[in-house]
Amino acid sequence: MRVTELKTEEYGSFYKTYLDALGDAELFNILTNQLLNFPQFLDSIPDDKLNYAYAEGKWTVSEVLVHIMDTERVMQYRALRFMRGDLTPLPGFDQDIYVPNSNSALRTKEDIIEEYKIIRQSTIALFTNMDKKALGNVGTASNNPMSVAALGFIICGHQKHHRNIIRDRYLNGKT
């Protein structure tokens, strides 16, 4: 399935930025490509930048990276529930509670890379065996309709969004 096949009623408007960042990507290709290239990007980040924040009150690089993983896990869970036909509305999650409790400052780059790979491999395994019907299942999360396919693309677009922020604001010094 391609991101351009999603209908606007399959996701909340908040997520449009993430989806637009993917262009006309195909779901399994983008999931797999990110598994290959994101760890390389992470490895290129200087160790002394992991606990760097580009401005007061902004997350550090390691906090952003753990946030990416936390969000992928939450989206995986939503996708699993909806693909299995459980349409119980799911609440949002408060990233501003998750981040300070992530202990990201204690993490090494290698540890973050390894955990990312495990999470993404799990996401790929979850989505690999879905048929079109399961991808089209729609539930409610954060008071928004969410299709299983949209959740897969949101995982990828969210990662790309934060990768761009890390590159532009943390590594290149733009604010």
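None of the figures in this text is laboratory data; all of them are computed from the coordinates on show. Every value quoted in this text rests on a predicted model; they were computed, and no experiment measured them.
For the chain, what is the Kirkwood hydrodynamic radius in Å, using each pair of distinct C-alpha atoms? Don't jump to the answer; show the numbers that get you there.
On the way: mean 1/r = 0.0603 Å⁻¹.
Final number for the Kirkwood radius of the chain is 16.6 Å.
Rounded to the nearest 500, what is the chain's calculated 222 nm mean residue ellipticity when only DSSP H runs of at least 4 contribute -39500 (n - 2.57) each, over all residues?
On the way: 7 runs with 93 residues, N = 175.
Rounded to the nearest 500, it is -17000 deg cm²/dmol.
Where is the GNM fluctuation largest for the chain (alpha-carbon springs, 10 angstrom cutoff): Thr140, Thr123, Thr88?
Of the options given, Thr88 has the highest mean-square fluctuation.
Cut-off 10 angstrom, C-alpha nodes, Gaussian network model of the chain. Which of Gly152, Gly139, Gly23 fluctuates the most?
Gly23
Given the options Tyr11, Tyr52, Tyr116, state which has the largest fluctuation in a GNM of the chain using a 10 Å cut-off (strictly under) for Cα springs.
With Cα springs under 10 Å in the chain, the top fluctuation among Tyr11, Tyr52, Tyr116 is at Tyr52.
From the cross-link list Lys132/Lys160; Lys117/Lys160; Lys16/Lys49; Lys58/Lys160; Lys16/Lys109, which pairs have alpha carbons spaced over 20 Å apart?
On the way: Lys132/Lys160 25 Å; Lys117/Lys160 15 Å; Lys16/Lys49 30 Å; Lys58/Lys160 18 Å; Lys16/Lys109 30 Å.
Beyond 20 Å: Lys132/Lys160; Lys16/Lys49; Lys16/Lys109.
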